[in-house]
Amino acid sequence: MDALDRNLLDLLQRDASLPSDRLAERLNLSASQVRRRRARLEADGYIRSVTARLDPTRLGLDVQAFVQVQMASHAPEGARTLLRQLETEPRVASVWTLTGEADYLLRVWCPDLGSLNDLVHNVLLPHPAVARVQSQIVMDQPKRDGPLPL
């Protein structure tokens with residue numbers, strides 16, 4: 001990967017909808033060179049997917065929270081069943097495995113506090129492998145999810 005590849009990735013992270021001719025102008029390349037580079041970066045796994053960032057408020061998702069889950073047991077089957085459940089739960093946007101007191105950190109989006117309460121009390125806490133759940137409701141996000149540093 002050279003500097004042009006990094007610049008191309010940076011531009012795509014900021015706006016993946018830019019057409020090849022606009023990318024070419026910004027990179028001082030031809031559109032065909034940009035398409036070849038982009039195809040190679042996709043084939044090599046640098047670009048995993050192209051997605052749209054949606055506005056949660058417009059979708060009625062007014063509550064964002066981070067939920068820490070501490071496991072009662074670290075038996076592999078309990079973790080597997082919990083992760084399968086989280087994978088299919090639409091309110092859970094992402095899951096991280098952590099070091100420290102909490103085993104998992106979940107980023108969740110809910111339409112209201114009642115939905116968050118339902119997720120915690122009717123989905124997470126009843127799971128036999130879960131010992132404790134702690135949630136933090138996001139009040140504001142002064143810096144939006146940004147591009148990866150290149």
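The values are calculated or read from the model by the stated rules, or taken from the named source; none is laboratory data. As the structure is a prediction and not an experimental result, all values here were calculated from the model. Cβ coordinates were reconstructed from backbone atoms using ideal geometry, including for glycine residues, and neighbour counts include every protein chain displayed. Just the protein is used for accessible areas: all its heavy atoms, side chains included, with ligands, DNA and RNA removed. Shrake-Rupley method; radii C 1.70, N 1.55, O 1.52, S 1.80 Å.
The criterion of being charged (D, E, K, R) and touching a Lys or Arg at 6+ places or on another chain (Cβ under 7 Å) holds for residue 5. Residues in the stretch 18-54 that are under 18 Å from residue 148 (Cβ atoms) and of a type in the set (S, T, N, Q) were compared, and the one that is most open to solvent (accessible area, probe 1.4 Å) is 51. Of all the listed residues (63, 69), the sole one being under 13 Å from residue 134 (Cβ atoms) and open to solvent by less than 20 Å² (accessible area, probe 1.4 Å) is 69. When the stretch 75-103 is filtered for residues that are in a strand (DSSP E or B), of a type in the set (S, T, N, Q) and open to solvent by 40 Å² or more (accessible area, probe 1.4 Å), only 97 remains. Among the numbered conditions (1) assigned to a helix (DSSP H, G or I); (2) touching a strand residue (DSSP E or B) at 6+ places or on another chain (Cβ under 7 Å), the only one that residue 70 does not meet is (1).
Once the stretch 104-133 is narrowed to residues that are more than 21 Å from residue 81 (Cβ to Cβ) and assigned to a strand (DSSP E or B), the residue that is least open to solvent (accessible area, probe 1.4 Å) is 110. Among residues of the stretch 17-42 that are within 17 Å of residue 3 (Cβ to Cβ), those with a beta-carbon under 6 Å from a residue that is at pLDDT 95 or above and not in a helix (DSSP H, G or I) at least six positions away or on a different chain give the pairs 24/30; 41/47.
A Cβ distance below 9 Å, combined with a sequence gap of six or more or placement on separate chains, defines the contacts here; from the stretch 104-128, residues that are closer than 19 Å to residue 59 by Cα reach residues that are acidic (Asp, Glu) and open to solvent by less than 40 Å² (accessible area, probe 1.4 Å) in the pairs 108/89; 119/89. Taking the criterion of being under 17 Å from the mean Cα position of the chain (by Cα) and under 19 Å from residue 132 (Cβ atoms), would at least one residue in the stretch 41-53 satisfy it? No, that holds for no residue. Of the residues screened, residue 15 is not one that is farther than 30 Å from residue 120 by Cβ, out of contact with any strand residue (DSSP E or B) (no Cβ under 6 Å at 6 or more places or on another chain), crowded, with 17+ Cβ neighbours inside 10 Å and of a type in the set (D, E, K, R).
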